Amino acid sequence: MSNMTYQIYHKTEYHYQDIVTFSHNIARLQPRENEAQKLIEFSLEKDPESSEESLFIDQFGNTNTHLLIRKPHRTLTIIAHSTIDISPEILGAKIAHIQSSSSTYQEALSALSVFSRDTIQAKQFLFPSDRIPKASQSIRAYALESFAPSRDLFEAGVEFMGRIYDDFKFLPGFSDVTTPTQEIFEAKQGVCQDFAQLAIAALRAIGLPARYMSGYIETLPPKGKEKLFGADASHAWYSLFIPGAGWISFDPTNNLIPKEQHILLGYGRDYQDIAPLKGVLLGSGESKLSVMVDVRRVDLKSQDSQS
């Protein structure tokens, strides 16, 4: 199967009630690279332009752009343009390897009980974090319905993802990034970031490392219809660590293992670690946020031949 190339447009705009005299901002909008995903091009547009700009890599390996804006403004617009190349063949081989190398839940707990080169980095994703505090006993019990001691961890992970998909209703507007996982669990509804953080809370509660994955997913228009610009949105899923095999991702919103249609922006312990844009400003009054995302599959060879 040939590689997939995507062009991504991600626009974030803040409208402030009063003038902001200056602001510090951290943008996490540059997609990660890994064995299956390569970054071809990336650029940022800023309005107003930043007075100072610098790049740094955080503890998780995500690229962060620090933007200092000194010009007084009532609107801040950040537009990220990315071109990504994804290899379905490498992704498929990786998933097959993890599935064939998977251990049982009990074996995984034993491997995680000692320090080793294989597990040391994964252990940071075992603990509660800002947006995902220690889970309740009810959430822990929900996870254990899938993870029996002698059951294969990959198989249990697939079933667990499917149960979230079946048991929870996708309902935009019900929650925001601050909604507690327990509230999502009791209401049985939310959006992709809620389902990802709930799953992570549950997996950590039963002793398994899990991390929050942020990015995009390709959405296709109805047959015979043209895709509308800006019809996409940011997406979130989670990844489970299987000792001796590696990290395997699950998308409970769509009940599938992410492959070439998922584009990884970055990952962390929870949403807070990989929020696309956050900052501190000097000003007063309320602000209004709007986000527009567009993900399009492209044929760069055709574009090159036409240019």
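What to note about this one:
- Report summary: the helix-based calculation at 222 nm, which adds -39500 (n - 2.57) for every DSSP H run with n ≥ 4 and divides by the residues of the chain, gives -7000 deg cm²/dmol.
- With Cα atoms defining each centre, the range 95-126 and the range 1-68 are spaced 32 Å apart in the structure.
- Label-to-label distance for Ser2 and Lys123 is 4.7 nm, based on points extended 7 Å past Cα in the beta-carbon direction.
- Using the average count of surrounding beta-carbon atoms within 10 Å as a protection proxy, the listed peptides 109-119, 21-31, 186-196 rank, highest first, as 186-196, 21-31, 109-119.
- On the range 20-137, 52 percent of the accessible area sits on carbon and sulfur atoms, based on a 1.4 Å probe.
- Between Asp152 and Ile79, the C-beta separation translates, for a Förster distance of 41 Å, into a calculated FRET efficiency of about 0.40.
- Among the listed pairs Lys169/Lys227; Lys227/Lys278; Lys38/Lys278; Lys94/Lys259; Lys46/Lys71, those beyond 18 Å (Cα-Cα): Lys169/Lys227; Lys227/Lys278; Lys38/Lys278
- Protein heavy-atom surface of the range 196-307, 1.4 angstrom probe: 52% of the accessible area is carbon and sulfur, with nucleic acids and ligands not counted.
- On a per residue basis, the convex hull of the C-alpha atoms belonging to the range 1-86 measures out at 93 Å³.
- Accessible area per residue, Å², the chain with all protein chains present, probe 1.4 Å: 49
The values are calculated or read from the model by the stated rules, or taken from the named source; none is laboratory data. What you are looking at is a predicted structure, and each value in this text was computed from that prediction instead of being measured. Neighbour counts run over all protein chains shown; Cβ positions are idealised from the backbone, glycine included. Just so you know, the surface numbers come from the protein's heavy atoms only, side chains and all, with ligands and any DNA or RNA stripped out. Shrake-Rupley method; radii C 1.70, N 1.55, O 1.52, S 1.80 Å.
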